[in-house]
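See below for the structure under consideration.
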Amino acid sequence: MNILLVVGSTRKGSYNQMIANYIMEKYKDDYTFKQADIATIPMFSEDIEKDDWPIVDKAREDVEWADGIIIVTPENNYSLPSVLKNYLDWCSRKKRVFINKPVMITGGSMGHWGTIRAQGHLRQVLRSNGHKAIVVPGIEVYFPKVQDSVENNMLREDKAGSLNKNFAIFVDYINKMN
Ligand SMILES: Cc1cc2nc3c(=O)[nH]c(=O)nc-3n(C[C@H](O)[C@H](O)[C@H](O)COP(=O)(O)O)c2cc1C
């Protein structure tokens, strides 16, 4: 099974990257992982969307390659980060690559609510006509005060219980779809 990780932070030392690192390390023998490069995608505008953008073509190809996508995102001002929204906007045009793709959402923030508002907005975006993704129902994994849940560039094993339980639900859902 091919799984694409999309991390909504481009920050060096990102806690959300550490959550993604944990998933890719923990399950490396059972699944094939790739991480989307969302940092260098140009800012979307309809004026440039028909131009040749190899980095955008690659981003779309990675989604097409995936049997499932895991989005790991922080929260910026109660919503999803603009770099993630920009990536999703590109993926909703020309080729709408997220259609019918199973998606799992998780994420951590330094606040008390652990990305609950960002994840709600992200679910709404993925339900849009441009995406029509399948956000796998029932999966809710939040990391409040995420800075206390990581060490050595990775999510701590003792903080990963909910993530692991929901990852199992996610891959089971994909297996039953196929
Ligand atoms: C512009 C901006 C807005 C933020 N807004 C929120 C917010 O609404 N809720 C929250 O819990 N944390 C917020 N934070 C703090 C982030 O949770 C924190 O920077 C987090 O570490 C970002 O994730 P990362 O470590 O993966 O880069 C904000 C940070 C920035 C830079």
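The values are calculated or read from the model by the stated rules, or taken from the named source; none is laboratory data. The structure presented is a predicted model; accordingly, all values stated were derived computationally and were not measured. Cβ sites come from the backbone with ideal geometry, for glycine too, and all protein chains shown count toward neighbours. SASA here: full protein model, heavy atoms, side chains in, ligands and nucleic acids out. Shrake-Rupley method; radii C 1.70, N 1.55, O 1.52, S 1.80 Å.
Descriptive notes on the structure:
- Leading residue by the ranking (least open to solvent (accessible area, probe 1.4 Å)) among those in the range 143-155 that are near the ligand (Cβ under 10 Å from one of its atoms) and out of contact with any strand residue (DSSP E or B) (no Cβ under 7 Å at 6 or more places or on another chain): Val150
- Members of the range 158-178 that are open to solvent by 50 Å² or more (accessible area, probe 1.4 Å) and within 20 Å of Gly13 (Cβ to Cβ): Lys159
- Pairs linking a residue in the range 67-89 that is over 16 Å from Gly13 (Cα atoms) and free of Cβ contacts under 8 Å to residues at least 12 places away in the same chain to a residue that is within 12 Å of the ligand (Cβ to nearest atom) and open to solvent by 20 Å² or more (accessible area, probe 1.4 Å), with Cβ atoms under 9 Å and 6 or more positions apart or on different chains, are Ser82/Asn76.
- Tally, over the range 85-115, of residues that are more than 14 Å from the chain's Cα centre (by Cα) and under 28 Å from Ser149 (Cα atoms): 6
- Residue that is most open to solvent (accessible area, probe 1.4 Å), among those in the range 92-127 that are charged (D, E, K, R) and touching a residue at least 40 places away in the same chain (Cβ under 8 Å): Lys94
- Here Val136 clears all of (1) under 13 Å from the mean Cα position of the chain (by Cα); (2) within 29 Å of Ile48 (Cα to Cα); (3) more than 16 Å from the ligand (Cβ to nearest atom) except the condition numbered (2).
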